[in-house]
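Peer 1: Take this structure, written in structure tokens, and hold onto it; I'll ask about it next.
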Amino acid sequence: MALVALISWFRTRGQTHTRDGYFLAGHGLSGTFIAGSLLLTNLSAEQLVGLNGSAYAFNLSSMAWEVTAAVAIVLMALILLPRYLTGGFTTLPEYLETRFDARVRRATALLFLLGYCLITIPSVLYSGSLAVLQLFDVPALLDIDRSAALLITLWIIGLIGAAYAVFGGLKAVAVSDTLNGVGLLVIGVLVPVLGLMKLGGGDVLAGTAMLVASHPEKLNAIGSSTDPTPFGTLFSGMILANLFYWGTNQYVIQRTLGASSLAEGQKGVLISGFFKLTVPFMMMIPGVIAFHLYGPGLTSMDDAYPRLVREVLPVGFAGFFLAVLLGAVLSSFNSLLNSASTLFAVDLYQPFRPRADDRELIRVARLAGTGLALFSFFIAPLLQYAPEGLWQLIRRFTGFYNVPILAIVVMAVLTSRTRHRVPPAGALTAIGFHLVAYGVLTFVWDSGIHFIHLYALLFAVEVGIMAVFAGSRPAEPLVPPAAHAVDMTPWPHARIVSLLLLTAMVAVYVLFSPIGVAG
């Protein structure tokens, strides 16, 4: 971990004194750093423990959250990224101001910040700390009670992550993510291989044969209505959830906005898509192996991965695994902090202080990042007192801001150059409608609709609302501004690689289906 910090400092020293340098890594990120940062920002301890636990208790249906991201990644690379980079934008709300007005920019920035501060940042910090606690039995190591161990772990992770985000800016986050991502891939391959060896009595092939021959239903990714992720959701709200995450979520797309060119940005995004297809093998097969080794008798499904790791990983790798695990947690935490402070400084502070220079903006961003980190330190521990209710709340709460923001971006892309461009009032009305409707249908009245299907239903209604506004009182057609901060020549292989990615996605589903190994 010290080595990662040293390399990150060496690669970023003297490059964080300007706005572009601090918020967008000076437009100097290559495809490798973008892919590495996207991978580790997306994959954290929550996936390591949670996805393996889901595979242990059910089957591989929850791989949909990872594998079907390929569709959204292709749309991001080919359609959205060229529009973002053409305008030289720092944030998504800044892009939306050019399509609508300053009110829409402020509204979407506030939606992001409220979601990040109240839910996403504290939950990432808590889930990561909990995973470290489970995997390394910190209370026993330090001879203290569980609550005290959680607080110590949480503050250590939080302070280190905040240091990267507050002092190093986006490039320090991207460099550290890429280095830790290499470690995550090593562990991600090592654990299932060693697990198969243990299952097969020292023979990987024998272990694989047992995995396929016994309980093949555990390898089925075609989820039924009783599984965590029904297969039908892939064609409704799942597409929208993934498109929001990979195409409009500030803390994910910010590293693509820092690309050195459109070609490098497209490379990074598409490479990360191929890594996503390996998630079932690295982060779900170990859960199935745990089921074969320990049966259905574990106290909690979330104990499946920690127990397997403790039993199969050589002692010499324990410290390396801890560093990788902490690196994955730090990545998600520091990326969120970096993006939240960017949103505050660029979208809320700068419009009220248009004469603020780069030094003032960076100082405000650092103060905001420090404040948000401290706030999350006090909110995150509260999750331990009612984990089941709060976890359910967290899973559903993101629906308050992801669906309306995605609907607005889609209409901005589709109508900006037409005679029926959506006016700002249409976007603001859609946001207001969503907050009320989603709150009622999720927390007041049980509609019986799966929350992923609810995403799709509300998305369609909100697009319809904006279409009505566009038809009745449209805004003038728009010629988007072209800043051309980087070379906008597309990657020549982007389309063929996108086709390969989508084909590979289908192949993974065929493999883990009743006509594949699950049969």
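Peer 1: Can you tell me which residues in segment 346-376 are of a type in the set (Gly, Ala, Ser) and without any contact (Cβ under 8 Å) to a residue 60 or more places away in the chain?
Peer 2: Start the filter on segment 346-376 by keeping residues that are of a type in the set (Gly, Ala, Ser), which leaves 356, 365, 368-369, 371, 373, 376.
If the condition is that a residue be of a type in the set (Gly, Ala, Ser) and without any contact (Cβ under 8 Å) to a residue 60 or more places away in the chain, then Ala356, Ala368, Gly371 are the ones that fit.
Peer 1: Could you check Ala263 against (1) surrounded by fewer than 24 Cβ atoms within 10 Å (Cβ to Cβ); (2) in contact with a Phe, Trp or Tyr (Cβ under 7 Å, 6 or more places away or on another chain); (3) at pLDDT 90 or above; (4) under 17 Å from Ser62 (Cβ atoms) and say which number it fails?
Peer 2: Only one criterion in (1) surrounded by fewer than 24 Cβ atoms within 10 Å (Cβ to Cβ); (2) in contact with a Phe, Trp or Tyr (Cβ under 7 Å, 6 or more places away or on another chain); (3) at pLDDT 90 or above; (4) under 17 Å from Ser62 (Cβ atoms) is unmet by Ala263, namely (4).
Peer 1: Pairs, please: C-beta under 8 Å, at least 6 apart or cross-chain, first residue in contact (Cβ under 8 Å) with a residue 24 or more places away in the chain and among the small types (Gly, Ala, Ser) and in segment 413-437, second part of a loop (DSSP other than H, G, I, E, B) and crowded, with 16+ Cβ neighbours inside 10 Å?
Peer 2: Ala427/Phe100
Peer 1: Right, something else. Considering only segment 145-163, state which residues are surrounded by fewer than 21 Cβ atoms within 10 Å (Cβ to Cβ) and not hydrophobic (A, V, I, L, M, F, W, C).
Peer 2: Listed by number, the residues that qualify are Asp145, Arg146, Ser147.
Peer 1: If you don't mind, there's one more thing I want to ask. Enumerate the helices (runs of 4 or more DSSP H) found wholly within segment 117-190, keeping only those where 3 or more residues are under 30 Å from Val204 (Cβ atoms). Break it down stepwise before answering.
Peer 2: Values: elements: 121-136, 138-142, 146-163.
Correct list: 121-136.
Peer 1: Also, I was wondering about something else. Could you tell me which of the residues Ala55, Ala35, Ala72 is in contact with a Gly (Cβ under 9 Å, 6 or more places away or on another chain) and within 14 Å of Pro280 (Cα to Cα)? Can you show your working first?
Peer 2: Details: Ala35 fails: within 14 Å of Pro280 (Cα to Cα); Ala72 fails: within 14 Å of Pro280 (Cα to Cα).
It is Ala55.
Peer 1: Out of the residues in segment 438-460 that are at pLDDT 85 or above, within 14 Å of Asn402 (Cα to Cα) and among the hydrophobic types (A, V, I, L, M, F, W, C), which is surrounded by the fewest Cβ atoms within 10 Å (Cβ to Cβ)?
Peer 2: Within segment 438-460, the match that is surrounded by the fewest Cβ atoms within 10 Å (Cβ to Cβ) is Ala460.
Peer 1: Here's another thing I want to ask about it. Looking only at segment 471-485, decide whether some residue is more than 29 Å from Tyr251 (Cβ to Cβ), surrounded by 14 or more Cβ atoms within 10 Å (Cβ to Cβ) and modelled with pLDDT under 90. Before the answer, list the steps.
Peer 2: Start the filter on segment 471-485 by keeping residues that are more than 29 Å from Tyr251 (Cβ to Cβ), which leaves 471-477, 479.
Checking which are surrounded by 14 or more Cβ atoms within 10 Å (Cβ to Cβ) leaves us with 474-475.
Still in the running and modelled with pLDDT under 90: 474-475.
Yes, there is a match, as at least one residue in segment 471-485 is more than 29 Å from Tyr251 (Cβ to Cβ), surrounded by 14 or more Cβ atoms within 10 Å (Cβ to Cβ) and modelled with pLDDT under 90.
Peer 1: To continue, here is another question. Kindly indicate whether any position in segment 252-261 is more than 20 Å from the chain's Cα centre (by Cα) and either under 30 Å from Leu6 (Cα atoms) or outside any helix (DSSP H, G or I) (or both).
Peer 2: yes
Peer 1: Out of the residues in segment 350-364 meeting the condition of being of a type in the set (A, V, I, L, M) and more than 13 Å from Asp20 (Cα to Cα), tell me which one is surrounded by the fewest Cβ atoms within 10 Å (Cβ to Cβ).
Peer 2: Of everything passing the filter in segment 350-364, Ala356 is surrounded by the fewest Cβ atoms within 10 Å (Cβ to Cβ).
Peer 1: Continuing with the same structure: Sort out which residues of segment 443-458 are of a type outside the set (A, V, I, L, M), farther than 18 Å from Thr229 by Cβ and part of a helix (DSSP H, G or I), and write them in order of number.
Peer 2: Keep residues of segment 443-458 that are of a type outside the set (A, V, I, L, M), which gives 443, 445-448, 450-451, 453, 455.
Now narrow it down to the ones that are farther than 18 Å from Thr229 by Cβ: 443, 445-447.
The answer is Phe443, and nothing else.
Peer 1: Select from segment 137-152 the residues that are touching a residue at least 24 places away in the same chain (Cβ under 8 Å) and within 27 Å of the chain's Cα centre (by Cα) and list them in ascending order. Working first, answer last.
Peer 2: Let us first name the residues in segment 137-152 that are touching a residue at least 24 places away in the same chain (Cβ under 8 Å), namely 147, 150-151.
Residues satisfying the conditions are Leu150, Leu151.
Peer 1: Hey, can you tell me all the residues within segment 183-213 that are modelled with pLDDT under 85 and surrounded by fewer than 15 Cβ atoms within 10 Å (Cβ to Cβ)?
Peer 2: Once the filter is applied, which keeps residues that are modelled with pLDDT under 85 and surrounded by fewer than 15 Cβ atoms within 10 Å (Cβ to Cβ), segment 183-213 yields nothing.
Peer 1: Could you tell me whether any residue of segment 164-173 is surrounded by fewer than 23 Cβ atoms within 10 Å (Cβ to Cβ), within 16 Å of Leu40 (Cα to Cα), modelled with pLDDT under 90 and not aliphatic (A, V, I, L, M)? Let's see the steps before the verdict.
Peer 2: Taking segment 164-173 as the starting set, the residues that turn out to be surrounded by fewer than 23 Cβ atoms within 10 Å (Cβ to Cβ) are 166-167.
Imposing the further condition that a residue be within 16 Å of Leu40 (Cα to Cα) reduces the set to none.
No, because not a single residue in segment 164-173 is surrounded by fewer than 23 Cβ atoms within 10 Å (Cβ to Cβ), within 16 Å of Leu40 (Cα to Cα), modelled with pLDDT under 90 and not aliphatic (A, V, I, L, M).
Peer 1: While we're here: Name the one entry in Val191, Val212, Val186 that is of a type in the set (Val, Ile, Thr) and more than 24 Å from the chain's Cα centre (by Cα).
Peer 2: Details: Val191 fails: more than 24 Å from the chain's Cα centre (by Cα); Val186 fails: more than 24 Å from the chain's Cα centre (by Cα).
Criteria check complete, one pass: Val212.
Peer 1: Follow-up question, since we're still on this one. Scan segment 253-262 residue by residue and report those that are out of contact with any Ser or Thr (no Cβ under 6 Å at 6 or more places or on another chain) and not hydroxyl-bearing (Ser, Thr, Tyr).
Peer 2: Result: Ile253, Leu257, Gly258, Ala259, Leu262.
Peer 1: In segment 287-387, which helices (runs of 4 or more DSSP H) lie fully inside it and hold 1 or more residues that are within 19 Å of Pro192 (Cβ to Cβ), over 25 Å from the mean Cα position of the chain (by Cα) and not aliphatic (A, V, I, L, M)? First the steps, then the outcome.
Peer 2: Details: elements: 304-312, 318-343, 358-379.
By residue number, 304-312.
Peer 1: When you go through (1) assigned to a loop (DSSP other than H, G, I, E, B); (2) at pLDDT below 95 one by one for Pro492, which number turns out not to apply?
Peer 2: With (1) assigned to a loop (DSSP other than H, G, I, E, B); (2) at pLDDT below 95 applied to Pro492, the lone miss is (2).
Peer 1: Has segment 234-242 got at least one residue that is under 30 Å from Lys171 (Cα atoms) and either aromatic (Phe, Trp, Tyr) or surrounded by 23 or more Cβ atoms within 10 Å (Cβ to Cβ) (or both)?
Peer 2: Scanning segment 234-242 turns up at least one residue that is under 30 Å from Lys171 (Cα atoms) and either aromatic (Phe, Trp, Tyr) or surrounded by 23 or more Cβ atoms within 10 Å (Cβ to Cβ) (or both).
Peer 1: Now, a different point. Looking at Val409, Val440, can you tell me which residue is part of a helix (DSSP H, G or I) and farther than 15 Å from Leu80 by Cβ? I'd like the intermediate steps shown before the answer.
Peer 2: On the way: Val409 fails: farther than 15 Å from Leu80 by Cβ.
Only one candidate passes the filter, namely Val440.
Peer 1: Among the residues of segment 414-428, count how many are surrounded by fewer than 17 Cβ atoms within 10 Å (Cβ to Cβ) and in a helix (DSSP H, G or I).
Peer 2: Counting residues in segment 414-428 that are surrounded by fewer than 17 Cβ atoms within 10 Å (Cβ to Cβ) and in a helix (DSSP H, G or I) gives 2.
The values are calculated or read from the model by the stated rules, or taken from the named source; none is laboratory data. For clarity, every value in this text was computed on a predicted model and none was experimentally measured. Please note: Cβ atoms are built from the backbone with ideal geometry, for glycine as well, and neighbour counts cover all protein chains shown.
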